[in-house]
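These notes are about the structure you will find just below.
The values are calculated or read from the model by the stated rules, or taken from the named source; none is laboratory data. Fair warning: this is a prediction, and the values are worked out from it, not measured in the lab. Ideal geometry is used to build each Cβ from the backbone, glycine not excepted, and the neighbour counts take in all protein chains shown. Note: accessible area is taken over every heavy atom of the protein model, side chains too, but ligands, DNA and RNA are not part of it. Shrake-Rupley method; radii C 1.70, N 1.55, O 1.52, S 1.80 Å.
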Amino acid sequence: MAKKIRIGALASGGGTNLQAIIDRCADGSVDAEIVLLICNNPGAGALQRAERAGIPTLTIDHREFAERKEFDLAVVSALQEAEVDLVVLAGFMRIVTETILDVFPYRVMNIHPALLPAFPGLHVQKKAIEYGAKFSGCTVHFVDTGVDTGPIIIQAVVPIFDDDTEESLSARILAREHKIYPRAIQLFAEGRLKISERRVIIGPPLAKSDEDMINPPTS
Ligand code: GRF
C-alpha cells in the first residue's frame, strides 16, 4: 500500500465527486486522506458531505475579497497550513491562477465533463449534444493557467444517444466521473504519473481497471 497522501479539496456545489473520493478513501481503494475542504460558496452541498465524513471545512467566500489575488492567497495559505500534497478541484467554479499553481506545480487536478480538448468551458454536455457528437465523456487533468487545457491524466468515454437530454447525458457522464477521479488520485498517490512535455505517462504496473478507463466499453 502506498503512503497516504494529503488532499485539499476545493468545491463550489453539490459535491458528488467529492463524495466519490471520500468513499474510495474510506474503503481503502485510494491511499489518501482529505484533510481540508475549502468552499467559495457558503451554500455548497459539498460542505455537508465533508462534515458528515468528519473532514475539516473552510468557507472562503470570493465575494468578500476586492481582488482575485487576495482570495487565491487565502486559499493557498489554508492549503499550506493543512500541508496538502495534492489539490483536487471537485466542481470548483473559480479560475485557478498562478498564485495557486506556482505553489502546487502539477499538484492541482480537475475533472471536466467532456472529452478534452473537445468542449472546454461550461454547459458542455448540452454543447456536445447540439454539436451532434456521438460520444462524449469525462477527463481528469492537471490544471494549468488555461481553461481546461492542462495535461490529461485519464478519460472515460460514454455514448450520446439520439434521445439524450442535457440531464440524461450529464448523469451518464457523472457516473463515470465518480470512477475515474478516485482512480486518477490513486495513480498520483502511487507516484505513477510522469509528465513528458504535455503528456501524462502512467507508469507500470498498469492495472486492468486503468485499461478500461482509457478505452472503456461503450455498451
Ligand atoms: C461535474 O460535472 C464536474 O465534471 C464539473 O463540475 C461538476 C461537479 O459536480 N467540474 P459535483 O459537485 O461533483 O456533483
Unmet requirement for Gln125, which otherwise passes all of (1) within 28 Å of Thr165 (Cα to Cα); (2) open to solvent by 60 Å² or more (accessible area, probe 1.4 Å); (3) touching a helix residue (DSSP H, G or I) at 6+ places or on another chain (Cβ under 7 Å): (2)
Complete set of residues in segment 143-201 that are on the phi < 0 side of the Ramachandran plot and of a type in the set (Asp, Glu): Asp144, Asp162, Asp163, Asp164, Glu166, Glu167, Glu177, Glu190
Among the candidates Arg24, Arg52, Arg94, Arg63, residue that is within 16 Å of the ligand (Cβ to nearest atom) and free of Cβ contacts under 8 Å to residues at least 12 places away in the same chain: Arg52
Meets criteria (outside any loop (DSSP other than H, G, I, E, B), of a type in the set (A, V, I, L, M, F, W, C), surrounded by 19 or more Cβ atoms within 10 Å (Cβ to Cβ) and under 19 Å from the mean Cα position of the chain (by Cα)) for Ile55: no
Matching option when the condition is under 24 Å from Ala46 (Cα atoms), charged (D, E, K, R), touching a helix residue (DSSP H, G or I) at 6+ places or on another chain (Cβ under 8 Å) and at pLDDT 95 or above, among Glu70, Glu166: Glu166
Residue that is most open to solvent (accessible area, probe 1.4 Å) [pool: residues in segment 18-41 that are farther than 17 Å from Phe188 by Cα and in contact with a helix residue (DSSP H, G or I) (Cβ under 7 Å, 6 or more places away or on another chain)]: Gln19
Residue count, segment 164-191 (criterion: touching a Lys or Arg at 6+ places or on another chain (Cβ under 8 Å), open to solvent by 10 Å² or more (accessible area, probe 1.4 Å), within 15 Å of the ligand (Cβ to nearest atom) and under 26 Å from Lys4 (Cβ atoms)): 0
